[in-house]
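Here the structure comes first, spelled out in structure tokens, and everything after it is commentary.
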């Protein structure tokens with residue numbers, strides 16, 4: 001293709017479709033002599049004549065018609081590649097794979113996805129919900145483009161950007177006697193049934209340590225794995241949930257109210273990508289939208 005020259009091939013196609021060198025030159029934005037030179041150059045390279053000259057008219061040879069079929073096919077492919085390159089450059093096409101904890105997938109993540117697809121409607125998005133360690137491995141090996149991971153990440157093969165810093169709060173039914181208090185601590189909660197997440201994880205251990213420091217044992221009535229289920233259970237008066245304030249915000253509706261937990265327990269999440277390659281343009285765009293969305297959700301001060 002390079003040997004024959006794209007300009008020569010485009011000129012040949014334009015002449016045949018337009019019917020004359022004058023019309024082809026106008027279509028291509030070139031001068032008539034330039035188009036004539038490109039046609040002559042192409043005929044020299046392929047070794048056969050493409051047009052008969054008859055009283056100022058160009059009549060395509062049978063060989064030209066056979067040649068045109070493949071030229072149309074080849075140039076059509078090049079045009080499609082060019083269009084694809086432009087769309088990729090503008091982030092209009094492609095695919096993106098994201099992994100997140102269940103509490104993200106059921107809460108704030110749908111809002112981020114909606115923002116992303118509004119901006120990039122032709123991109124295919126795949127969402128995975130996995131355990132913490134599995135998510136880290138998927139990100140590191142590029143099985144997914146990126147994902148949300150609780151800090152500390154603890155891996156050297158991941159690139160991380162802190163994206164969430166939020167305190168723990170209590171979700172409690174509005175008619176519960178303790179809902180009248182602004183702050184709840186382990187001593188106030190010692191006799192209350194609790195709904196806790198992340199059994200065995202660092203965030204859960206920090207909650208248990210806060211109770212131990214106060215000299216009381218938490219009365220864990222229900223263990224669950226998502227903030228959505230913790231909020232639903234608390235709304236049924238089955239216990240008081242201790243959860244991440246920012247991630248719980250989408251579920252904060254009547255009859256639930258939010259109360260501060262003391263001592264202050266901070267939970268942090270990062271958006272991670274693999275250190276083995278640079279993040280894609282779509283991944284960077286998704287991260288930017290995630291920053292904006294989380295910025296709208298304010299953790300209690």
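The values are calculated or read from the model by the stated rules, or taken from the named source; none is laboratory data. Computed from a predicted structure; not experimentally measured. Cβ sites come from the backbone with ideal geometry, for glycine too, and all protein chains shown count toward neighbours.
Limited to segment 121-130, what total is found for residues that are without any contact (Cβ under 8 Å) to a residue 60 or more places away in the chain, surrounded by 12 or more Cβ atoms within 10 Å (Cβ to Cβ) and closer than 15 Å to residue 95 by Cα?
Taking segment 121-130 and keeping what is without any contact (Cβ under 8 Å) to a residue 60 or more places away in the chain, we get 121-122, 124-130.
Remaining after also requiring surrounded by 12 or more Cβ atoms within 10 Å (Cβ to Cβ): 125, 127-130.
Now drop any that are not closer than 15 Å to residue 95 by Cα, which leaves 125, 127-128.
Result for segment 121-130: 3.
Going by what's in this entry, would residue 39 be described as at pLDDT 85 or above, surrounded by 13 or more Cβ atoms within 10 Å (Cβ to Cβ) and not in a strand (DSSP E or B)?
Values: at pLDDT 85 or above: yes; surrounded by 13 or more Cβ atoms within 10 Å (Cβ to Cβ): yes; not in a strand (DSSP E or B): yes.
It is true that residue 39 is at pLDDT 85 or above, surrounded by 13 or more Cβ atoms within 10 Å (Cβ to Cβ) and not in a strand (DSSP E or B).
Where residues in segment 83-103 are at pLDDT 75 or above and assigned to a helix (DSSP H, G or I), which of them is surrounded by the fewest Cβ atoms within 10 Å (Cβ to Cβ)?
As a first pass, look at segment 83-103 and keep what is at pLDDT 75 or above: 94-103.
With the extra rule that they be assigned to a helix (DSSP H, G or I), the set shrinks to 102-103.
Numbers: 102: 18, 103: 27.
Among residues in segment 83-103 that are at pLDDT 75 or above and assigned to a helix (DSSP H, G or I), the one surrounded by the fewest Cβ atoms within 10 Å (Cβ to Cβ) is 102.
Does segment 1-32 hold any residues that are at pLDDT 85 or above and over 15 Å from residue 58 (Cα atoms), and which are they?
Those that are at pLDDT 85 or above and over 15 Å from residue 58 (Cα atoms): 6, 7, 8, 9, 10, 26, 27, 28, 29, 30, 31.
May I ask you to verify whether residue 15 is surrounded by 20 or more Cβ atoms within 10 Å (Cβ to Cβ), touching a helix residue (DSSP H, G or I) at 6+ places or on another chain (Cβ under 8 Å), in contact (Cβ under 8 Å) with a residue 12 or more places away in the chain and farther than 16 Å from residue 72 by Cα? If you could, list the steps in order and put the result at the bottom.
Details: surrounded by 20 or more Cβ atoms within 10 Å (Cβ to Cβ): yes; touching a helix residue (DSSP H, G or I) at 6+ places or on another chain (Cβ under 8 Å): yes; in contact (Cβ under 8 Å) with a residue 12 or more places away in the chain: yes; farther than 16 Å from residue 72 by Cα: no.
In short, no.
Sort through 10, 26 and tell me the only one that's part of a helix (DSSP H, G or I) and more than 18 Å from residue 79 (Cα to Cα). Before the answer, list the steps.
On the way: 10 fails: more than 18 Å from residue 79 (Cα to Cα).
So the residue among 10, 26 that is part of a helix (DSSP H, G or I) and more than 18 Å from residue 79 (Cα to Cα) is 26.
Give segment 29-46 a look and list any residue that's under 21 Å from residue 78 (Cα atoms) and in contact with a strand residue (DSSP E or B) (Cβ under 9 Å, 6 or more places away or on another chain), or say none.
39, the sole residue that qualifies.
Just to verify a result, which residue in segment 188-201, among those that are in contact with a helix residue (DSSP H, G or I) (Cβ under 9 Å, 6 or more places away or on another chain) and surrounded by fewer than 20 Cβ atoms within 10 Å (Cβ to Cβ), is nearest to residue 233 (Cα to Cα)?
192
Does residue 113 satisfy being free of Cβ contacts under 8 Å to residues at least 24 places away in the same chain, buried (at least 18 other Cβ atoms within 10 Å of the Cβ) and not assigned by TED's automatic domain parsing to the domain that holds residue 245? Show your work before the answer.
Working: free of Cβ contacts under 8 Å to residues at least 24 places away in the same chain: yes; buried (at least 18 other Cβ atoms within 10 Å of the Cβ): yes; not assigned by TED's automatic domain parsing to the domain that holds residue 245: yes.
Spelling it out, residue 113 is indeed free of Cβ contacts under 8 Å to residues at least 24 places away in the same chain, buried (at least 18 other Cβ atoms within 10 Å of the Cβ) and not assigned by TED's automatic domain parsing to the domain that holds residue 245.
Restricting attention to segment 42-58, which residues are loosely packed, with under 15 Cβ neighbours inside 10 Å and not in a helix (DSSP H, G or I)?
47, 48, 49, 52, 53, 54, 55, 56, 57
Output the number of residues of segment 268-300 satisfying the condition of being at pLDDT below 90 and crowded, with 20+ Cβ neighbours inside 10 Å.
Total meeting the criteria: 1.
From the list 133, 118, 143, which residue is more than 21 Å from residue 292 (Cα to Cα), out of contact with any helix residue (DSSP H, G or I) (no Cβ under 9 Å at 6 or more places or on another chain) and either at pLDDT 90 or above or surrounded by fewer than 12 Cβ atoms within 10 Å (Cβ to Cβ) (or both)?
Numbers: 118 fails: more than 21 Å from residue 292 (Cα to Cα); 143 fails: out of contact with any helix residue (DSSP H, G or I) (no Cβ under 9 Å at 6 or more places or on another chain).
None of the other options fit; the residue is 133.
Somewhere in segment 138-153, is a residue part of a helix (DSSP H, G or I) and free of Cβ contacts under 8 Å to residues at least 24 places away in the same chain? Let's see the steps before the verdict.
We begin by selecting, within segment 138-153, every residue part of a helix (DSSP H, G or I); these are 138-140.
With free of Cβ contacts under 8 Å to residues at least 24 places away in the same chain added as a condition, the list becomes none.
No, segment 138-153 contains no residue that is part of a helix (DSSP H, G or I) and free of Cβ contacts under 8 Å to residues at least 24 places away in the same chain.
Residue 179 - would you say it is buried (at least 17 other Cβ atoms within 10 Å of the Cβ) and more than 26 Å from the chain's Cα centre (by Cα)? Outline the logic, then answer.
Working: buried (at least 17 other Cβ atoms within 10 Å of the Cβ): yes; more than 26 Å from the chain's Cα centre (by Cα): yes.
Yes.
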